[in-house]
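Here is the structure we will look at, set down as structure tokens.
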Amino acid sequence: MRGVVRDISVVLCGVALLLAPLAGHGGGQKYEPLSASVQASLKGSIADQAVPFLAFDDEHEARAWLAAMSSRLAKRIPGRVEREELLVTVHYEAKRAGLDPQLVLGLIQVESAFRKYAVSSAGARGYMQVMPFWIKLIGTPDQNLFNLRTNLRYGCTILRHYLDIEKGNLFRALGRYNGSLGRAEYPNMVLRAWHGNWHYTPPPGVSAAK
């Protein structure tokens with residue numbers, strides 16, 4: 001009888017895990033009033049809807065990067081089309097914001113483990129765990145933070161904003177992004193993920209992205 005009860009408990013525990021929300025790691029960005037000029041600038045960044053592309057000198061370079069990143073991401077996102085769509089969008093949005101695409105991949109790994117519908121205890125949403133208050137500050141009510149392009153656009157724009165505030169200090173900017181400014185745990189996790197899992201050295205004859 002005890003064995004049956006134990007087996008039922010295991011089943012119920014598994015069901016509970018399946019029904020639980022996909023929790024994200026993000027602590028959540030903190031709301032801070034923005035000056036009119038900064039708010040206008042960020043609104044402009046969010047509004048641009050150019051089609052994402054890989055910013056390399058030629059197709060061979062783009063394919064080499066995409067193949068390298070795709071192979072590393074395959075276990076987390078099995079579907080090739082979904083995986084490559086994410087990678088192309090990450091590359092475009094990161095470069096557009098003046099960020100290293102591999103850094104953004106490391107941040108996504110830590111924030112959401114590449115789960116599109118992840119939600120943190122603070123309410124941060126999606127791949128880059130963006131807090132909903134940003135939509136009111138710099139976006140429009142129709143924007144959905146679970147949308148791939150929207151989430152990455154917001155996330156990269158916000159990280160760029162924090163880098164500008166911190167005068168290029170990535171460690172402090174990452175702390176702001178996570179809502180843990182002054183603590184080392186989160187920045188160190190992102191830096192380890194970036195350099196440990198997403199560092200990219202182009203193969204011979206292929207240069208790095210622009």
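Each value in this text was obtained by applying a stated rule to the coordinates, not by laboratory testing. This structure is a prediction, so every number in the text was calculated from the model and none was measured. All Cβ positions, glycine included, derive from the backbone under ideal geometry; neighbour counts span all protein chains shown.
Couple of notes before you dig in:
- Using equal-weight Cα scatterers in the Debye expression, the normalised intensity of region 63-103 in log10 at q = 0.21, 0.32 Å⁻¹ is -0.62, -1.11.
- Simple spin-label estimate for residue 100 and residue 71 gives 2.1 nm between the two label positions (7 Å along the Cα-to-Cβ direction from each Cα).
- Projection of the Cα convex hull of region 24-197, averaged over all directions and equal to a quarter of that hull's surface, yields 9.8 nm².
- Ascending count of other beta-carbon atoms within 10 Å, so fewest first, for 105, 137, 99: 137, 99, 105
- The relative contact order of region 98-206, computed from alpha carbon pairs under 8 Å that lie at least 6 residues apart in sequence, is 28 percent.
- Gain upon complete extension [residue 51, residue 63; 0.36 nm per residue less C-alpha separation]: 2.5 nm
- Residues 100, 57, 48, arranged from fewest to most other Cβ atoms within 10 angstrom of their Cβ, appear as 48, 57, 100.
- Virtual spin-label span in nm between residue 81 and residue 117, 7 Å along Cα→Cβ: 1.9 nm
- Of the trypsin sites (Lys or Arg not before Pro) found in region 131-172, those in coil by DSSP whose Cβ has at most 12 other Cβ atoms within 10 Å are 167.
- Remark: 75, 30, 95 ranked as 75, 30, 95, counting other beta-carbon atoms within 10 Å and listing the fewest first.
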